[in-house]
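First the structure, then my questions, so here it is.
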Amino acid sequence: MAGLVRVEKQGAWSAFGNDTLFAVGIIVILTILFLPLPPFLIDVGLAFSISLSVVVLMVALWISRPLDFTAFPIVLLIATMLRLALNVATTRLILSSGHNGADSAGHVIEGFANFVMGGDFVIGVIVFLILVTVNFLVITKGATRIAEVGARFALDAMPGKQMAIDADLSAGLVTEEEARRRRREVEEESAFYGSMDGASKFVRGDAIAGLIITAINVVGGVFIGMLRHDLTTSESLDTYMRLSIGDGLVTQIPALIISLAAGLIVSKGGTRESADKAVFGQIGAQPRAMLVAGVVVAALALAPGLPIVPFLVLSFALVTYGLVVPSRQLAAAQHAEEQEARKFAAAATEVLAAKESLKPADLELVFGRQTAGMFLQNSTEIAVRVSRIRRKFAQQYGFVIPEVKISDDVSISAKSYQIKIHGTIVASGELRPGEVLVVYGVGPRPKFPGDLVSEPAFGMPAMWVPEMYTVGLRQDNFAPVDNASVLLTHLAEVARANLAQLFSFRDLRSLIDRLDPDYRKLIDEISPSQISNSGLQAVLRNLLAERVSIRSFHLIIEAVAEIAPFTRKIETIAEHVRSRIAQQICGDLADGTQLKIVRLSNRWEVAFHQALRRDSKGEVLEFDLDPRQVETFSSECGSVVQSQLDKGHRFAIICSGEIRPFVRMVVERLFPTLSVLSHNEISRAASVATLETIA
C-alpha cells in the first residue's frame with residue numbers, strides 16, 4: 001500500500017511538471033492585464049522582468065551559434081507580454097493611487113525615478129526619450145533588418161543545402177543519420193531566422209507601446225490629480241510625471257536589454273563561438289592595429305585641452321597588448337604545430353600499424369592458450385635459443401633467416417602451436433606441459449606409461465611420458481626431450497625445408513653488398529645484360545630448395561658468369577653452379593671423411609633418360625615417365641633408402657646430371673631431406689663409399 005501511495009504521488013508530481021508550470025505562468029501574465037495588483041507584487045514582477053532580461057542577455061553572449069537558442073522568439077514574446085502586463089498594472093496603480101505619493105506604485109518605480117531622474121522629472125523625460133530612441137531606432141531597427149536579411153538568405157540557400165546533403169549521401173561521404181541531422185539543422189535555421197524576423201516586430205511594438213503608455217500615464221494622471229484630488233497643476237504634474245517616467249524607465253531598461261540580446265543573436269551569422277571569443281579573438285589577433293591605435297591615443301593625450309591621464313593609460317594598455325600578443329600567438333602557433341605533429345604522428349603510427357597488419361610475418365610461431373602460458377611469460381629463453389638457430393643457419397646456409405614473430409591465438413587448441421611462413425600455416429604440433437618426449441624410432445618402446453605419437457620434426461615414432469620418469473628413462477638409455485627443445489627442433493626443420501621461401505630479394509641485396517668490390521664489379525658486368533637480379537635470386541632459391549648452402553656466394557657468382565652468356569634457363573644455370581661448388585656439397589654431405597652414396601642402376605638410368613622429351617635443339621621440354629614405372633621406382637627406392645636410414649647412415653643418391661632434377665622430383669616426395677647428386681657434383685678429393693644400388 002505504501003508503494004502504491006508513493007507511485008501515485010510521483011505520478012501526480014510528474015503530471016504537475018514543467019509544462020503545467022509554464023501554462024500557469026502564461027495565465028498569470030494574462031491575469032495581470034485585468035486584475036489589480038498590490039505594490040508588493042508589482043515590485044516582484046518588475047524585478048523578475050529585469051532578471052529575465054539579464055539572463056537572456058547572458059545566454060545570448062555565451063551561445064556558440066544562433067541555433068543554440070532557437071527558443072529565443074518564444075522567450076522574447078513572453079518577456080514582451082510580461083512587460084506590457086506589468087505596464088498595464090502599474091498604469092492602474094499610478095492613476096488610482098498616484099496622489100498618495102512616489103511609493104504608491106511600488107518601491108522599484110520609486111527607486112528608478114529617484115536614481116535616474118535625480119529628483120527632476122525633466123531629466124527623467126530626457127533620459128526616457130533617449131532610451132526609447134536608442135531602443136527603437138538603433139538596436140531594434142538594426143536587429144530587425146539583420147533578421148529580415150538572414151531569413152531571406154536562409155530560405156534562398158535552403159534548396160542548395162538540401163541538394164548538397166543529398167549529393168554527399170549519394171557519394172557515401174555521410175551516413176543516413178548524419179544526413180537527417182544536417183537536414184534538420186537546415187530546417188531549424190530557416191525556421192529560426194523566420195521566427196526572429198517576426199519576433200523583432202514584438203520589440204518595436206513594445207517600444208511604441210511603452211512610449212504611448214507613458215504619455216497616457218502623464219496626461220491622464222495630471223488630469224486625475226487636478227480634477228479628482230484637488231492638486232495644483234505643478235503638484236499634479238510633478239507627482240504623476242515622476243511616477244510615469246519611473247514606470248517608463250523600469251519598462252524600457254529590460255526592453256533595451258532584450259533588444260540587445262536579439263541584436264547579438266542575429267548578428268552572430270556564421271560565427272561558431274561565443275561573443276567574447278569572437279570579438280576578442282578577432283580584434284586581438286591584429287597586434288599591429290593595437291600598436292598603431294596606442295600611438296594615436298598617445299598623440300591625443302598631447303593635444304592641448306584634452307586630459308592626459310586617461311589617454312596615456314589607454315595608450316599604455318594598447319601598446320602593451322600589441323607587444324604581448326605576438327609572443328602569445330607564437331607560443332599558441334608552436335603549441336598548435338606540436339599538437340598537429342602529435343596527431344600526424346599518431347595517424348602515421350595507425351597507418352603503419354595497419355600496413356604492418358596487412359603484411360604477414362615471414363616466419364611466425366603461434367601458440368595456443370596453454371602453450372602461450374608456458375613460453376610467453378618467460379620468452380627470454382625462447383628468444384635466446386631462436387637467435388642461436390638463426391646464427392647457426394647463417395653459418396650453415398650463407399644468409400640470415402628472418403626474425404621469428406611469436407604470438408598467441410585463442411582460436412587454436414590450448415596445447416598446440418602453429419608455424420607460419422608468410423602468413424600460411426606450414427606445420428603444427430602439440431606440446432604436453434609436465435611431460436617429456438621420447439623418440440625411440442625402430443627400437444623398443446619405453447616401459448613407462450605414456451601416449452604414442454609421431455615426432456613432429458621428422459615423423460619418427462615417439463612417446464609422451466610424464467616428466468617424473470625422466471631419471472628412469474635416462475637409466476634405460478633413452479633421451480627425453482623437453483617441450484622447448486621439441487618446439488625449436490620442429491621450427492628449425494620447417495625453416496630448413498622452406499629456405500627457398502625465406503630467401504628474399506632483400507637477402508640477395510645484403511649478400512651483394514657484402515661482396516668484395518671485384519665481385520660487385522663482376523655482378524655489374526652480367527646484370528642485367530645476361531641475368532637479372534631476380535634471375536640470380538631464382539638460382540639461389542633453386543639451390544636452397546635442395547638445402548645446398550650459398551655461403552660460397554663468390555664462387556656462385558663466378559659460376560653464373562660462366563654459364564649465363566649461353567643460356568637463360570634457371571635450372572641449367574643452377575646445375576652448372578652445383579658442379580662448380582661440388583667440393584662444398586660433398587663436404588656438407590660427407591659422413592666423417594667419407595661420402596656414402598646409393599647408386600641408380602643402369603635400368604633406371606635408361607628409363608629416366610627415355611622419359612625426357614626434347615625439342616629440335618635437344619633441349620629438354622618435359623619429363624614423361626609412365627605412372628607404373630614411377631610407382632615401381634618409388635617402391636624400390638623406398639625400401640633401399642629406408643634400410644640405410646634404419647642403419648643410421650648419412651648418404652646421397654647418385655645419378656647422371658641430365659636426369660638428376662627429375663630423380664630428385666620423385667625422391668623428395670618420399671624423403672624430403674634426402675640429397676640427390678649428379679656425377680658432376682662428386683669432387684675429385686671426395687672419398688666415395690657405395691652402400692647399395694637401386695635396382
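List, in order, the whole-Hz ³J(HN,Hα) value for each residue of the stretch 475-487 obtained from phi through the Karplus relation with A = 6.51, B = -1.76, C = 1.60 and θ = phi - 60°; use x for Gly and Pro.
Listing the rounded values in order: 5, 8, 6, 9, 10, x, 10, 6, 4, 5, 5, 4, 5 Hz.
For the charge dipole of the stretch 582-695, defined by +1 on Lys and Arg C-beta atoms and -1 on Asp and Glu C-beta atoms about the Cα centroid, which residue among Gln594, Gln584, Ser678 has the Cα displaced farthest towards the positive pole?
Result: Gln594, furthest along the dipole toward the positive end.
What does the highest-first list of 377-384, 448-455, 433-440 look like by mean Cβ count within 10 Å?
Values: 377-384: 10.9, 448-455: 14.4, 433-440: 18.2.
The packing order, highest mean first, is 433-440, 448-455, 377-384.
What are the ³J(HN,Hα) values, in whole Hz, obtained from phi via the Karplus relation 6.51 cos²θ - 1.76 cosθ + 1.60 with θ = phi - 60°, for each residue of the stretch 420-428 in sequence order, with x given for Gly and Pro?
In residue order, the calculated couplings are 10, 10, 6, x, 9, 6, 10, 7, 8 Hz.
Placing unit charges on C-beta atoms (Lys and Arg positive, Asp and Glu negative, everything else neutral), compute the dipole magnitude of the stretch 363-498 about its Cα centre in debye, rounded to 20.
Details: 14 positive and 13 negative charges, 69 e Å.
That gives a dipole near 320 debye.
Follow-up. Please label the shape of the stretch 287-341 as rounded, prolate or oblate, based on the square roots a ≥ b ≥ c of the eigenvalues of the alpha-carbon gyration tensor (a/c under 1.5 means rounded; beyond that, a/b larger than b/c means prolate, else oblate). Mind dumping the intermediate values first?
Numbers: a/c = 7.43, a/b = 4.26, b/c = 1.74.
Here the stretch 287-341 falls in the prolate category.
Is the shape of the stretch 503-580 best called rounded, prolate or oblate, per the rule: a/c under 1.5 gives rounded, else a/b larger than b/c gives prolate, else oblate, with a ≥ b ≥ c the square roots of the Cα gyration tensor eigenvalues? If you can, show how the numbers build up before the last one.
Working: a/c = 1.40, a/b = 1.07, b/c = 1.31.
Cα axes put the stretch 503-580 in the rounded bin.
Let me ask you something else. In terms of Cα to Cα distance under 20 Å, which aspartates and glutamates are near enough to Lys343, apart from those fewer than 8 places away along the same chain?
Glu356
Distances over 22 Å make up what percent of all Cα-Cα pairs in the stretch 363-498? Display every interim value, and only then the final one.
Details: 3684 of 9180 pairs.
The calculated P(r) of the stretch 363-498 puts 40 percent of pairs beyond 22 Å.
A further question on this structure: Taking H placed 1.01 Å from N in the peptide plane, check which residues at least 5 places from Lys405 or on another chain put their amide H under 5 Å from its amide H.
When sequence neighbours closer than 5 places are left aside, the close amide H contacts are Leu363, Glu364, Leu365.
Could you tell me which chymotrypsin sites (Phe, Trp or Tyr not before Pro) in the stretch 504-583 are loop residues by DSSP with no more than 14 other beta carbons within 10 angstrom of their beta carbon? Mind showing how you got there, number by number?
Numbers: sites: Phe505, Tyr519, Phe553, Phe566; in loops: Phe566.
Filter output for the stretch 504-583: Phe566.
Here is a further query. Using the charge dipole of the stretch 363-498 (Lys, Arg: +1 at Cβ; Asp, Glu: -1 at Cβ; taken about the Cα centre), state which of Phe367, Met463, Phe478 has its Cα farthest towards the positive end.
Projecting each Cα onto the dipole axis, the largest value belongs to Phe478.
Dipole magnitude of the stretch 582-695 about its Cα centre, charges +1 at Lys/Arg Cβ and -1 at Asp/Glu Cβ only, in debye to the nearest 20?
Working: 13 positive and 15 negative charges, 44 e Å.
Charge dipole, the stretch 582-695, about its Cα centre: 220 debye, nearest 20.
Is the stretch 582-695 best put as rounded, prolate or oblate by its Cα gyration tensor, with a ≥ b ≥ c the root eigenvalues, rounded for a/c under 1.5, and otherwise prolate when a/b is larger than b/c, oblate when not? Please report the intermediate quantities before stating the final value.
Working: a/c = 2.32, a/b = 1.38, b/c = 1.69.
Because a/c hits 1.5 or more and a/b fails to exceed b/c, the stretch 582-695 counts as oblate.
Could I ask something else about it? Which far-off residues, 5 or more places away or on another chain, put their amide H under 5 Å from the one on Leu612, with H placed in the peptide plane?
Long-range HN contacts for Leu612: Asp624.
Amide H of Ala689 versus every other amide H placed in the peptide plane: which residues, excluding those fewer than 5 positions away on the same chain, fall under 5 Å?
Leu595, Lys596, Ile597
Every number in this text was worked out from the coordinates using simple rules, so none of it is lab data. Owing to the predicted nature of the structure, the values given are computational and were not obtained by experimental measurement. Neighbour counts are summed over all protein chains in view; Cβ atoms, including those assigned to glycine, are modelled from backbone coordinates with ideal geometry.
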